[in-house]
Every structure is written in C-alpha cells, then in structure tokens.
Amino acid sequence: MKVHNITKFIDRRRELRNQATEEENILWGELRNSKLGYKFRRQHSIGGYILDFYCAKKRLIIEIDGAIHESVSHKEYDKLRDRYFEELDYKVLRFKNIEVKSNLKKVINKVKNLCNGSPLS
C-alpha cells in the first residue's frame, strides 16, 4: 500500500507549496538543493498528512509551527500526528515561526546535528 505522496493530495501539496509562509520559504532556502548534504522535499505527504519538509534518507520530518499551533486542540492534534510518525520510525522536528526568523542558524544546526547522528541540544 502506497503511503508516500498519495495522488489524491497532489493538488493540496501544490497549493501549499505555492502559498508557503515566509518562514517556510526561509528554511527551504537553507534545505533545498542538498545544501546540508541531504535531499529534502517540501510539502511531501505520508499517509493522510502533508509535511512541511521531509528527508527520506534520514526519515526526518520538519514542521514549522505558526500561532495556530498554540491552541489546545491543535497541540493535541500535533501530538497525535507526531506519535503516528514516531510509530513508523520517523523523527519529527518542530520549530516555531519565531525560531526560524530570529535564530535560523540554531535551527539549521539542530537539523544538521540530527542528520549527522548527534543528539539534539
């Protein structure tokens, strides 16, 4: 059974790429073209979920969270979603918009460390 980039989500994935947030564009500028030594995709889907960024080789998912993720209901949804991925042996990294905008270097270092097998700090 196919779980990656299911065809029925192609239009939604394209729409999300075309309407990317400023923070997603900033981080994509650092991840694209294997700049960190690994290929990342944006708006990749696994199961019924569309991810902000995904590295298949490292089984790494990166999510950029805006203000909506602060609501109690959205926090619960994110927990369930993260648990789903972790049960499938994916690693999930979440960053807040403000982290990407104000401390991009720290965000990139966390991604690099995880990709290179170092513990997160």
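Can we say Ile10 is surrounded by fewer than 13 Cβ atoms within 10 Å (Cβ to Cβ), at pLDDT below 95 and either closer than 17 Å to Phe95 by Cα or of a type in the set (Ser, Thr, Tyr) (or both)?
No; evaluated as a whole, the condition is false for this residue.
Name every residue in segment 47-77 that is assigned to a loop (DSSP other than H, G, I, E, B), closer than 18 Å to Arg17 by Cα and at pLDDT 95 or above, in order of residue number.
Leu51, Asp52
Whether any residue in segment 62-75 is within 23 Å of Lys8 (Cβ to Cβ) and touching a residue at least 12 places away in the same chain (Cβ under 8 Å) is what I want to check.
Yes: one or more hits.
Quick one: Val100 ticks every box in (1) assigned to a helix (DSSP H, G or I); (2) surrounded by fewer than 16 Cβ atoms within 10 Å (Cβ to Cβ) except a single one, so which number is it?
So Val100 meets the others, but not (2).
The values are calculated or read from the model by the stated rules, or taken from the named source; none is laboratory data. Since the model is a prediction, treat every value here as computed from it, not as a measurement. Please note: Cβ atoms are built from the backbone with ideal geometry, for glycine as well, and neighbour counts cover all protein chains shown.
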